[in-house]
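Contents: one structure, followed by commentary.
The values are calculated or read from the model by the stated rules, or taken from the named source; none is laboratory data. Since this is a predicted model, take the numbers as computed values, not measurements. Please note: Cβ atoms are built from the backbone with ideal geometry, for glycine as well, and neighbour counts cover all protein chains shown. Calculation scope for accessible area: heavy atoms of the full protein, side chains included, ligands and nucleic acids excluded. Shrake-Rupley method; radii C 1.70, N 1.55, O 1.52, S 1.80 Å.
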Amino acid sequence: MNGCGDLPVPTSQAMAMAKQVQSVPAEEDDDDDDDDDDDDEEEEGGKSKTAQPPANSSSSNAGARRLNRKRRLGLHTVQVDYDKLEKRAGQGQALLATLMRETEGKGRLLDTAQMHCERLKQSNPQFRISGSLNLWVIKPAAKSRGRGIFCENRLDYILAATENSADSREVWVGQKYVERPLLIHQTKFDIRQWFVVTSFNPLTVWFYKDSYLRFSSVPFALNDIRSENSRYVHLCNNSVQADKGTECFAAGNMWSSSTFEAYLQEQGMEGKWEHYTNSMKQIILDTLRCVQGTVEHRKNTFELFGADFMIDDEDGLWLVEVNCSPCMAPSTAVTGCGVTKEKERERERE
């Protein structure tokens, strides 16, 4: 039998012993005075003769009984081991069948869960950014440069921080955090896109051709929302990262949109930047239409805005916020290059 492990394997001698013991009933007492070995006949030279008892009959009978007992016990041991092996094999087959049934049930359960997730995606557009930690970004409504912003997933902590602020009249904004962002070299980033509105009625928007990516200086993780490095993990604001004084793989923690486009092409995503650009334009137009009726229209005026976008790990584009009067200072080589390009365009127009 295959798979016996260390169990003893019957030999020819053991089989011969088995033939001798088969005639002995299992319930026969080993201490019977009449032993089968006493009546055995031996074949010698083609003649049979009856074995003569030795001088010490009592000692001979005892030795024969011990030998017979050992034979029976040896054969019995082999039989029990094989029976146990077969029993265990049967138990293993039953266990395998049970595991297959459980796996099949889990598979059906997984399919059902995936089906409900797809339904949730259709009914809740923000489902795929929700994650599992219920993490929120809390920010003052009237501050800039990342001041006062923190991440939290406990309501009691959020209430304690907002209700005990220095300015009791402070207005706070709670925004669902994108827990599954697209990462570049394990680092979070956002996209700053400038645009100018010269009229809200009719709505007239000028979309700046170039944008730039702002990176965190610390690799992305969600297990450190209350640590000292939390701001440098989750806030891509250039003012915040400048306070850290360190850089990630990108000089100044920034990429130009052309660098990002080249990166996407290297990743086999040809034309993806154009897709993102078109999506940003549409989102900005939809956002402005939402407030179009509440903005006072003044002729011969314009206003510059900076929109911040994020991309999730399923290639979805999300508007994080729109900033009034965004900083345009050439704080890095990327933003300085943008200012230089604009000056060159002005000279070309002249």
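Over the Cα atoms of region 145-198, each weighted equally, I'd like the Debye log10 I(q)/I(0) at q = 0.20, 0.31 Å⁻¹, rounded to two decimals.
Values returned for q = 0.20, 0.31 Å⁻¹ are -0.94, -1.36.
Give the accessible surface of region 211-350 per residue, rounded to a whole number of Å², with probe radius 1.4 Å and ligands, DNA and RNA excluded.
57
Could you compute the net charge surrounding Phe200? Neighbours are other residues with a C-beta less than 10 Å from the C-beta of Phe200; K and R count +1, D and E count -1.
It works out to a net charge of 0.
Report the label-to-label distance for Ala94 and Lys209 in nanometres (one decimal), using points 7 Å from each Cα along the Cα→Cβ vector.
Result for the modelled spin labels: 7.8 nm.
With all pairs of different alpha carbon atoms counted, what Kirkwood hydrodynamic radius in Å does region 200-343 show?
The answer is 17.2 Å.
Efficiency by 1/(1 + (r/R0)^6): what FRET value for Ala142 and Arg108, r their Cβ-Cβ distance, R0 = 45 Å, to the nearest 0.05?
Result of the calculation: an efficiency of 0.30.
Tell me, in nm to one decimal, what length is gained between Leu222 and Gln265 on full extension, where the rule is 0.36 nm per residue of separation less the Cα-Cα distance?
The Leu222-Gln265 span can extend by a further 12.6 nm.
Just need log10 I(q)/I(0) for region 134-228 at q = 0.12, 0.16, 0.24, 0.26 Å⁻¹, Debye formula, equal scatterers on the alpha-carbon atoms, no solvent, rounded to two decimals.
Results for region 134-228 at q = 0.12, 0.16, 0.24, 0.26 Å⁻¹ read -0.57, -0.89, -1.27, -1.36.
I'd like the accessible area for His185, computed on protein heavy atoms only with a 1.4 Å probe and all protein chains in place. Round to 10 Å², please.
120
I'd like the per residue volume of the convex hull spanned by the Cα atoms of region 201-264, given in cubic angstrom.
145
For region 233-239, take each phi angle, set θ = phi - 60°, evaluate the Karplus expression 6.51 cos²θ - 1.76 cosθ + 1.60, and give the result in whole Hz per residue in order, putting x for glycine and proline.
Per-residue couplings from phi come out as 8, 9, 10, 8, 4, 4, 5 Hz.
How much net charge surrounds Ser216 when only the other residues with a Cβ under 10 Å from the Cβ of Ser216 are counted, with Lys and Arg +1 and Asp and Glu -1?
Once all neighbours under 10 Å are counted, the net charge is +3.
Shape of region 114-155 from its Cα gyration tensor (a ≥ b ≥ c, root eigenvalues): rounded if a/c is under 1.5, otherwise prolate when a/b > b/c, or oblate?
prolate
Using a 1.4 angstrom probe on the protein heavy atoms only, could you order Glu170, Glu266, Glu274 from most to least accessible area?
Result of the area sort, largest leading: Glu266, Glu274, Glu170.
If I model a spin label at Asp315 and Asn153 as a point 7 Å from the Cα along the Cα→Cβ vector, what separation in nanometres do I get?
Reported label-point gap for Asp315 and Asn153 is 2.8 nm.
Just subtract the alpha-carbon distance of Ser331 and His185 from 0.36 nm times their residue separation and send over the number in nm, one decimal.
Fully extending the segment from Ser331 to His185 adds 50.2 nm.
Taking 0.36 nm per residue of separation and subtracting the Cα-Cα distance, what length does fully extending Gln122 through Ser165 add?
11.6 nm
Can you give the accessible area of Trp136 in Å² (nearest 10), computed on protein heavy atoms with a 1.4 Å probe?
Accessible area of Trp136: about 90 Å².
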